[in-house]
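*Asks:* Could you have a look at this structure, given as structure tokens, before my questions?
The values are calculated or read from the model by the stated rules, or taken from the named source; none is laboratory data. Only a predicted model underlies this, so the values are computations on that prediction, with no experimental measurement involved. In this analysis, Cβ positions are derived from the backbone assuming ideal geometry, glycine residues included, and neighbour counts consider all displayed protein chains. Note: accessible area is taken over every heavy atom of the protein model, side chains too, but ligands, DNA and RNA are not part of it. Shrake-Rupley method; radii C 1.70, N 1.55, O 1.52, S 1.80 Å.
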Amino acid sequence: MGDFFDFLFVAGFWAATLRMATPLIFGTLGELVCERSGVLNLGIEGIMTAGSMAGWMWVYQGGDLWGGVLFAAFVGGMFGLLHSLFSVYLGLSQHVTGLGITMLASSLSYFVFRMMLPNVTTPPKIVPFESWSLPFFSEIPVLGEALFVLSPLTWLALLIVVVVGYGLFYTPLGLAVRMVGENPMAAEAQGINVHRVRSGAVIFGSALMAVGGSFLTLSAFDAFYIGMTNGRGWICIALVVFASWKPGKALLGALFFAAFDAMQMRVQQQASAAIPYQFYLMAPYVMSIVALIIMSRRAAYPKALLVPFRRGER
Amino acid sequence: MRLEPRDHVSLAMAIAGPILAVLAAMAICSLLILWSGSSITEAYVLLFKGALGSRFAISETLTRTTVLILTGLAAAVAFRAKLWNIGGEGQLYMGACAATMLGTGFLEWSPYLLVPTLFLAGALAGGLLLLVPTLLKTHLKVDEVVTTLLLNFIILLLVNYLVFGPWKDPMAMGWPQAAPIIDQGLLPILLAKTRLHAGFLVALASAFGIWVLMRFTVWGYEIRAVGANPEAARFAGVPVNRTIIRTALISGGLAGMAGVCELIGLKGYLTLDLSPGFGYTGIVVAMLAGLHPLGVILSAFFVAVVFNGADSMSRALSVSNYIAEVITAVSLLTVLVSMLLTRYRIRWK
């Protein structure tokens, strides 16, 4: 058993955990902001795909990496705007709107990818982000290499947790976002424009999701594949419930989740023959369902989640 | 801008709504065709020719309509009860797995007995798969959207394991596929020299059956009542949880039957490409039909036309066949708007 837990002392394990957690941190925070304002954003899976395609394509066309991240955020924001036109301004079913956005964003990404690169068989590559190391700290043996030599996007993800956490709970804007998600009528009575706050939250959240997607093609890998999001968006939705709509807990959840994923990959390498690899690949999805089951009983959903707001209607 | 409920929705408006929405979707998507440098009219003419231009093309389109009717019905029934079953894809594969288990030599009955048994087994498997997230919803308040979605990934990996592992057919030259369904378990072909199989009739019968169920029976009334307002339904004495569970079994069962149909009507053996997302497309089919069981037949046909036509159009023009998925996704969104406009009128002030 002692040998079994040796991986905890390998720098690679912790580095892998932070790497795998990064898109989940972005996606979970993005979804969290949307849901806090009362809008379930099922577009997340497609928006992440769009972000990974848009960011990659920007760099492939000669743009720089940060430009790619910004472009991904812009594309994500545009899908967020479309989502909010439907779900917020027209008050249409958030479920169907979100699924429609996912279908549209992913099929459009694949379409654009195929149209711009019609004759490629192997996906072309770009030069992805290089890790940034924190001076001094990164020289600590084992730990330094794992925790302080990270992709710039991972640093950004950690920063965004603080920004969203502070923004949601310590600023008037954050209060407005939480208010329209809990009691839109009261918010309106305070002179808050419910539609505007909600659509702002959805646009911002969608941009975050797309940045999470762009991490996949600009940092974790160097190419875009069809189907590369692979359910990460849906896992983020489960993580939001798991985190009870709190940014700090969302970070913990994403890290815990990624650590488990990194661990199962190590176990898979060590004891591969005993259990077929497909069952290891099922682990993240099974774990998301288990997390939902554990947390759902005392889940405190934002009160106005899924409820469209129409002025003057009760 | 305000939305005012309309007092009266005429039948003409209810029918014209989705048709206009689909036309709007095609108009929007013609921008993408324009971007590719092809002519819009040529592209759409090629699309419709590819789907309906010959006897064989029509038969292929109807073959695809078959599976889409069943997955569309699965979504329509569940959504009526506001049970968000997004797991049609997984349930479809579960149905195909059950039929593979029984149909590859385990049962060697006559076709009249074996084919219905395979359908029943597939429906049961699909229904039971949806029962898990449904019971989690009714008893532990676990949101079914995410659980049904995640189950799709789990089931696909399970099928991956089966066709690469224990079920792998040693006679298949190393391809990852299960053993073929025995001859007695296959559906007969309806039209000579085509692939249109008797599953088409099964799908049509299912649509009529579900229509009768939803329109004329107590079960159907209860399903609609629970979907419209669960609190009011409970107050009126409708057993809400039991109705939701019943809906789940019907919905998952229909998706499971879709898998059986593809397996014993078209492919003949289980592979990983049995369904290119028919379960997800079923959601679009159901929404285009306004969740009406008979409307599902028409919307499934339309979606099949778009997909089959886009395949042949993309061979002739430099337009990727992902255009089909874009058109259906845009249709889903435009239909949502058209449904709003038939129920409400917009007042600008």
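*Asks:* What net charge do the residues around A:Gly227 carry, taking every other residue with its C-beta under 15 Å from that of A:Gly227, with Lys and Arg at +1 and Asp and Glu at -1?
*Replies:* Result for the local shell: -2.
*Asks:* At q = 0.11, 0.13, 0.14 Å⁻¹, what log₁₀ I(q)/I(0) does a Debye calculation on the Cα points of chain B give, no solvent, two decimals?
*Replies:* -0.77, -1.05, -1.19
*Asks:* How many angstrom lie between the Cα centre of segment B:143-158 and the Cα centre of segment B:1-60?
*Replies:* 31
*Asks:* Name the most mobile residue of A:Ile275, A:Ile160, A:Ile44, meaning the one with the largest mean-square fluctuation, in a Gaussian network model of chain A with Cα contacts below 10 Å.
*Replies:* Comparing A:Ile275, A:Ile160, A:Ile44 in the GNM, the peak value goes to A:Ile275.
*Asks:* Using a Debye calculation, one point per C-alpha and no hydration shell, please list log10 I(q)/I(0) for chain A at q = 0.07, 0.10 Å⁻¹ in order.
*Replies:* Rounded to two decimals, the profile gives -0.28, -0.57.
*Asks:* Next up: Mind listing the phi-derived Karplus ³J(HN,Hα) values for segment B:55-61, rounded to whole Hz, using 6.51, -1.76 and 1.60 with θ = phi - 60°, and x for any glycine or proline?
*Replies:* So the J values, rounded to whole Hz, are 4, 5, 4, 4, 5, 5, 5.
*Asks:* If amide hydrogens are placed 1.01 Å from N in the peptide plane, which non-local residues have theirs closer than 5 Å to the one on B:Arg345?
*Replies:* Amide H to amide H, under 5 Å and 5 or more residues apart or across chains, B:Arg345 pairs with B:Glu4, B:Arg6.
*Asks:* Within segment A:61-87, what residues put their amide N at less than 19 Å from the label point 7 Å along the Cα-to-Cβ vector of A:Thr121?
*Replies:* none
*Asks:* What length, rounded to one decimal in nm, is gained on full extension from B:Leu204 through to B:Ala316, with 0.36 nm per residue of separation minus their alpha-carbon distance?
*Replies:* 37.1 nm
*Asks:* Normalise the Cα radius of gyration of segment A:151-206 by 2.2 N^0.38 Å (N = residues in it) and let me know the number.
*Replies:* Dividing the Cα Rg of segment A:151-206 by 2.2 N^0.38 Å gives 1.29.
*Asks:* Please identify the GluC sites (Glu not before Pro) of segment A:105-207 that satisfy two criteria: DSSP loop assignment and at most 15 other Cβ atoms within 10 Å. Which are they?
*Replies:* A:Glu130
*Asks:* Hey, another quick one. Between segment A:236-306 and segment A:93-164, what is the C-alpha centre distance in whole Å?
*Replies:* 19
*Asks:* Okay, moving on. Please give me, ordered by residue number, the chymotrypsin sites (Phe, Trp or Tyr not before Pro) of segment A:114-166 that lie in loop per DSSP and have at most 15 other Cβ atoms within 10 Å.
*Replies:* Answer in residue order: A:Phe136.
*Asks:* What number does segment B:297-348 give for Rg over Rh if you use C-alpha atoms and the Kirkwood radius?
*Replies:* 1.17
*Asks:* Which three numbers, in whole Å and largest first, are the semi-axes of the equivalent ellipsoid of segment A:1-156 derived from its Cα gyration tensor as √(5λ)?
*Replies:* Calculated on Cα positions only, the semi-axes equal 33, 22, 15 Å.
*Asks:* Accessible area drop of at least 40 Å² (1.4 Å probe, protein heavy atoms): which residues of segment A:57-99 qualify, relative to the chain alone?
*Replies:* A:Phe86, A:Leu90, A:Leu92, A:His95, A:Val96, A:Leu99
*Asks:* How charged is the neighbourhood of B:Leu266? Take every other residue with its Cβ under 11 Å from the Cβ of B:Leu266, and add Lys/Arg as +1 and Asp/Glu as -1.
*Replies:* My count for the surroundings of B:Leu266 gives +1.
*Asks:* Please calculate how many Å² of accessible area segment B:64-289 carries per residue, with a 1.4 Å probe and no DNA, RNA or ligand atoms counted.
*Replies:* Per residue, segment B:64-289 has an accessible area of 39 Å².
*Asks:* Given the options A:Ala207, A:Ala304, A:Ala254, state which has the largest fluctuation in a GNM of chain A using a 10 Å cut-off (strictly under) for Cα springs.
*Replies:* Largest GNM mean-square fluctuation: A:Ala304.
*Asks:* Provide a whole-number value for the mean count of partner chain Cβ atoms within 10 Å of the Cβ atoms in peptide B:332-342.
*Replies:* Mean number of neighbouring Cβ atoms from other chains: 4.
*Asks:* Estimate for me the total accessible surface buried between chains A and B (protein heavy atoms, probe 1.4 Å, no ligands or nucleic acids), in Å² to the nearest 100.
*Replies:* 4100
*Asks:* Something else now. Sort B:Arg224, A:Arg310 by accessible area with a 1.4 Å probe, largest first.
*Replies:* Sorted by accessible area, descending: B:Arg224, A:Arg310.
*Asks:* If each of B:His8 and A:Lys303 carries a label point 7 Å out from its Cα toward its Cβ, how far apart are those two points in nm?
*Replies:* Placing both labels 7 Å along Cα→Cβ, they lie 4.1 nm apart.
*Asks:* Still on this structure, I have one more. Output wanted: per-residue J couplings in Hz (rounded whole) for segment A:210-215, from phi through Karplus 6.51 cos²θ - 1.76 cosθ + 1.60, θ = phi - 60°, x for Gly and Pro.
*Replies:* 5, 5, x, x, 5, 4
*Asks:* I would also like to ask the following. Could you give the C-alpha radius of gyration of the protein assembly as shown expressed as a fraction of 2.2 N^0.38 Å, taking N as the number of residues it contains?
*Replies:* With N residues counted in the protein assembly as shown, Rg over 2.2 N^0.38 Å equals 0.96.
*Asks:* Within 12 Å, Cβ to Cβ, of A:Gly167, how many net charges do the neighbouring residues add up to if Lys/Arg are +1 and Asp/Glu are -1?
*Replies:* It works out to a net charge of +2.
*Asks:* Under Stokes-Einstein, with the Kirkwood radius over Cα pairs standing in for Rh, what whole-number D in µm²/s applies to segment B:213-349 at 20 °C and 1.002 mPa s?
*Replies:* Once the numbers are plugged in, D ends up at 121 µm²/s.
*Asks:* Where does segment B:149-303 land on Rg(C-alpha)/(2.2 N^0.38 Å)?
*Replies:* Computed over Cα atoms of segment B:149-303, the ratio equals 1.25.
*Asks:* Within 10 Å of each Cβ in B:131-141, how many Cβ atoms from other chains are there, averaged over the peptide?
*Replies:* Average per residue, whole number: 2.
*Asks:* I would also like to ask the following. Please list 3J(HN,Hα) in residue order for segment B:214-220, calculated via the Karplus relation 6.51 cos²θ - 1.76 cosθ + 1.60 where θ = phi - 60°; whole Hz, with x for glycine and proline.
*Replies:* 6, 8, 10, 10, 5, 3, x
*Asks:* Give me, ordered by chain and number, the residues 5 or more places off A:Trp132 or on other chains with an amide H under 5 Å from its own placed amide H.
*Replies:* A:Leu150, A:Ser151
*Asks:* Where is the GNM fluctuation largest for chain B (alpha-carbon springs, 10 angstrom cutoff): B:Gly220, B:Gly126, B:Gly199?
*Replies:* B:Gly220
*Asks:* Could you state the number of Å between the C-alpha centres of segment B:61-90 and segment B:287-349?
*Replies:* A separation of 15 Å, based on Cα centres.
*Asks:* Straight distance only, please: which aspartates and glutamates reach the Cα of A:Lys246 with their own Cα at less than 16 Å, same-chain residues fewer than 8 apart left out?
*Replies:* The reachable aspartates and glutamates, counting only those whose Cα sits under 16 Å from A:Lys246, are A:Glu31, A:Glu35, A:Glu182.
*Asks:* Which percent of the accessible heavy-atom area of chain B goes to carbon and sulfur, probe 1.4 angstrom?
*Replies:* 68
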